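Scroll down for the structure; my scribbles are underneath it.
What follows is calculated from the coordinates using simple rules that are stated; it is not laboratory data. All of these numbers come straight from a predicted model, not from anything done at the bench. No Cβ is skipped: glycine too gets one built from the backbone with ideal geometry, and neighbour counts run over all protein chains shown.
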C-alpha cells in the first residue's frame, strides 16, 4: 500500500473516474487552469481538456444549477465548491432541485452528481469561512452525505459517490488535504453508508466522522497508554448513517461520546444520540455526552478559536466522565 | 374561490367581432400565415383550445376539492406554449416554472396523465408525487415544472451544457415569468449561457404581474429585454398573444441555437386571465376589472380564430368541431383522472433514492 496525501487520494479518484466514464466532468471555480484552489484537480485539465475540466465564474448558484441540468439529461457532473461556505449561495439547487428531482418526478429523473469541496474550520479564517455543514445536508432526504477522514476513505468514497446515481454531498476536511495515510493499490472502493471501526476497545465508544475521526484516533492512542481502550466508530457517511455499527459498538462498551466538528443544536450528534437511546437504552451505563464546537460563530483570535473548537482534551474529558473516572 | 374566478374565460366567438385587438393592422394575413399551412393552423387552434378547456376543468375540479395545493392556471397565455412547441423537435428539451399544465399539454404530455397528476392519482405523470407545480414527462423531454421562482433557469443552462458536451444540435427551451428577471439565478444562468455558447432559448412570459406585484412596482427597468444586451445575448420582444408572431420569433431563435449555438432571450408579452393561483381573486386587488376586461379582448384564441375565419379556410362549424374535440379531451382527462386510484402507500418511500447499478 502506498502512503499518499488526502489531496492526492482525491485526485486519484477523480482521475480514475474521469478515465472510466466519459460522461463524468468536473466544474467549479479555479478547477482547470489554476489546478484547483486546493490543488485537488492538479493536472486534470491537461489530461482531460477544457470540456471536462471546466473553469466557472464565481457563480455558485449558476454552476450548481448547470450541474443539476446536466445530470438530468444523463451526464455525471462533479461540482466543486471552493469551500462549502460558498455553497450556501447554491443551496437551492442542492436542496430544492437535486435532492427532490427523482421524487417529484415520480422516479423519472435521477441525479447522478457530486457536490464536493472543503468543509469545516481551518486556522484563523474567521466566522464566515469556518463552518461544518454536514448536519444541514444530512437533514435532507434525497441527498447522500460523505465525510471522509482519511486518504483511503477519501478515495474510496469519492469513487463510490461519482458512480452513485443520486446527488452526493461530499465534504472534504479543509485541514486534511496534507494529511497522509495508506491507500490500497489498484481499484479501491468504499461503499456509502458503511461505518469503519478505526480503533477497538471495550471501555467506551467514540462515534465521530470527518476530520474528528483523526482526533478520536489520537485520543484512543493516548488513552490506551492509561489502560483505557475505546472504540472509534468513524461513520464516514452521515447519510445514509450506519446505525448498526453504532449500536454494535455501544452495546459492547455501554458508554458513548459523540464527537463532531459542528455546533451542538441539531448537530449530527443529536441524531446519533437519538439512535443510541432507541437502540441501546438498556445497554447504557451512563448518559451519552457530546463534544462539538462551542455555540458561537468562529472567532479569529488564536486563543478564542482554540477554545471554540472541539479537540482531544475535551474528548478525553467527556470519555472519562462517562466512565465516571473524573 | 371568488365569483370572479368562476367566470368562464372568453368564449370562442360565434362570428368575427370588428375591431377586436389582434386585428390591429400589423397583421396582414399573408405575412402571418406565411409559415403555416391550413393543417398547421388547425393544429395550433386545436392545441390552444385543448389547454383552455383543460384549465377550465381544472378550475372546476379545484372548486370541488379534487385538486389541492397551489394551482396556477395558464388561461390567456396559450399562444406562447402552442407557438413555441410547434417550432421545436421531439428530441429538444423543455423546462418551466409552476404554471406548467398548458405547456406540458402543448408539448405532447398526455392530458390524462397531467389531470391524474393534479388529482394526486397513481396514473399521474409523476405518479401523484409532484402535483400541479411539478409536471415531468421523460417521454417528451419535459423536464418539469419547478416551484422556486428562477431556480430552474440555471438548470436549463445545464441542459444546454450537456447538449454542447455531447455535440448535439438540440435546443433547450426555458420558460419563466417576468418577475424572475430580478432573481440572481436568472442573471447567473444568462451569463453562463452566453459565456459558454449554450443552445438555450430563455422565454420571459411577461404577464405583467408577479403574483400581485406589477412589473412597474418590481422592476427598475421595465424593458426586460435590455437584460439580453447585458449578457451579450440576442433578444427579441414579441406579441405573445399572437401565435404566428411567437412562431416567427422562435424560428429565428431555434436557428440561432442549432446553427450558431447561441442562446436567445425572448420577451413574450401576454396577460393572465385568471388569478396568480386558485387562491386569489382574478381582479379587484392589484389590478382592476377594467384592465382585465380590456386585456381579455386580446384573448390569444380569439386572435387566432379571427385570422383563420378571415382566411375562410375553416367554417364556423368546423371551428366549433375543434372546440368540441378540445372539450371532449378535457372531459376524457377528467374521467381518466377520477377513475385512477390513489398512489399505493408503499410509493411514499420509493423514488427517494435511485438504485445504483454501476
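If you stretched the chain out fully between residue A:22 and residue A:88, how much longer would it get, using 0.36 nm times the residue separation minus the C-alpha to C-alpha distance?
Between residue A:22 and residue A:88, full extension yields an extra 20.8 nm.
Between the range B:58-86 and the range A:300-326, what's the alpha-carbon centroid distance in Å?
The distance from the Cα centre of the range B:58-86 to that of the range A:300-326 comes to 59 Å.
Can you tell me how the range B:241-327 classifies by the Cα gyration tensor, rounded, prolate or oblate, using a/c under 1.5 as the rounded cut?
Since a/c reaches 1.5 but b/c is at least a/b, the shape of the range B:241-327 is classed as oblate.
Which whole number gives the average, over all residues in B:143-150, of C-beta atoms from other chains lying within 10 Å of the residue C-beta?
Values: counts 7, 7, 2, 5, 3, 5, 0, 3.
Per-residue shielding by partner chains comes out at 4.
The range A:157-205: D in µm²/s via Stokes-Einstein (Kirkwood Rh, Cα pairs, 25 °C, 0.890 mPa s)?
It diffuses with D of about 180 µm²/s by this estimate.
Sort out for me the Cα centre separation of the range A:113-184 from the range B:94-164, rounded to whole Å.
Each part reduced to its Cα centre gives a spacing of 32 Å.
Please report A:15, B:269 as a ranked list, fewest other C-beta atoms within 10 angstrom at the top and most at the bottom.
Ordered from fewest to most neighbouring Cβ atoms within 10 Å, A:15, B:269 come out as A:15, B:269.
Taking every DSSP beta bridge with both residues inside the range B:38-336, roughly what % is antiparallel (nearest 5)?
Details: 3 of 26 bridges.
DSSP beta bridges in the range B:38-336 are roughly 10 percent antiparallel.
What shape does chain B have by the C-alpha gyration tensor, where a ≥ b ≥ c are the square roots of the eigenvalues, rounded means a/c under 1.5, and otherwise prolate means a/b greater than b/c and oblate the rest?
Details: a/c = 1.36, a/b = 1.05, b/c = 1.29.
Rounded.
Using a Förster distance of 45 angstrom, determine the FRET efficiency expected from the C-beta separation of residue A:3 and residue B:331, and round it to 0.05.
Computed FRET efficiency for residue A:3 and residue B:331: 0.05.
How large is the helix-only mean residue ellipticity at 222 nm for chain A, computed as the sum of -39500 (n - 2.57) over DSSP H runs with n ≥ 4, divided by its residue count, in deg cm²/dmol to the nearest 500?
After summing the helix terms and dividing by the residues of chain A, the value is -10000 deg cm²/dmol.
Can you tell me how the protein assembly as shown classifies by the Cα gyration tensor, rounded, prolate or oblate, using a/c under 1.5 as the rounded cut?
Cα axes put the protein assembly as shown in the prolate bin.
Give the peptides A:155-168, B:250-263, A:114-127, A:292-305 in descending order of average Cβ contacts within 10 Å, highest first. Don't skip to the answer; put the middle values down first.
On the way: A:155-168: 25.1, B:250-263: 19.1, A:114-127: 20.6, A:292-305: 14.2.
Ranked from most to least packed, the peptides come out as A:155-168, A:114-127, B:250-263, A:292-305.
Could you work out [θ]222 nm for chain B from helices alone, using -39500 (n - 2.57) per DSSP H run of at least four and dividing by all its residues? Round to the nearest 500 deg cm²/dmol.
Calculated mean residue ellipticity at 222 nm is -13000 deg cm²/dmol.
Given the protein assembly as shown, what percent of its DSSP beta bridges are antiparallel, to the nearest 5?
Details: 12 of 66 bridges.
If I count the DSSP bridges inside the protein assembly as shown, around 20 percent turn out antiparallel.
With viscosity set to 1.567 mPa s at 4 °C, what whole-number translational diffusion coefficient in µm²/s follows for chain A from Stokes-Einstein and a Kirkwood radius over Cα pairs?
Value of D from the Cα-based Kirkwood radius: 65 µm²/s.
So how do B:126, B:81, B:283 line up by other beta-carbon neighbours within 10 Å, fewest first?
B:283, B:126, B:81
When chain A is modelled as a GNM with alpha-carbon springs shorter than 10 Å, which of A:255, A:306, A:290 fluctuates the most?
Looking only at A:255, A:306, A:290, the biggest GNM fluctuation is shown by A:306.
Using a Gaussian network model on chain B with a 10 Å cutoff between Cα atoms, which of B:232, B:57, B:166 fluctuates the most?
Among B:232, B:57, B:166, the largest mean-square fluctuation in the Gaussian network model of chain B belongs to B:166.
Give me the inter-chain shielding for B:162-172: mean count of other chain Cβ atoms within 10 Å, whole number please.
Mean shielding count: 3.
Need one number: % antiparallel among DSSP beta bridges in the range A:2-183, to the nearest 5.
Details: 4 of 24 bridges.
Looking only at bridges with both residues in the range A:2-183, the antiparallel portion is about 15 percent.
Compute the relative contact order of the range A:196-322 as a whole-number percentage, counting only Cα pairs closer than 8 Å that sit 6 or more residues apart in sequence.
Reported as a whole number, the value is 27 percent.
Only residues of the range A:12-41 count here: report those whose backbone N is under 19 Å from the spot 7 Å along Cα→Cβ of residue B:356, or say none.
Taking a point 7 Å out along Cα→Cβ of residue B:356, the residues of the range A:12-41 whose backbone N falls under 19 Å are A:12-27.
So for the range B:145-228, considering every pair of alpha-carbon atoms, how many percent are separated by more than 16 Å?
Beyond 16 Å sits 50 percent of the P(r) for the range B:145-228.
In nm, give the distance between the simple-model label positions of residue A:304 and residue A:225, each being 7 Å from the Cα along the Cα-to-Cβ direction.
Spacing of the two 7 Å Cα→Cβ label points: 3.3 nm.
Starting from the alpha-carbon convex hull of the range A:2-183, give the projected area averaged over all orientations, in nm².
Mean projected area for the range A:2-183: 9.5 nm², to one decimal.
If you build a Gaussian network model of chain B, linking Cα atoms that sit under 10 Å apart, which residue out of B:173, B:322, B:135 swings the most?
Between B:173, B:322, B:135, it is B:322 that shows the largest mean-square fluctuation.
Other chains near A:105-116: what is the mean number of their Cβ atoms within 10 Å of each residue's Cβ?
Mean shielding count: 6.
Exposure proxy check: B:318, B:267, A:29 ranked by fewest other beta carbons within 10 Å?
B:318, A:29, B:267
Please report the relative contact order for chain A, taking Cα pairs under 8 Å with a sequence separation of at least 6, and give it as a percent rounded to a whole number.
Relative contact order, chain A: 16 percent.
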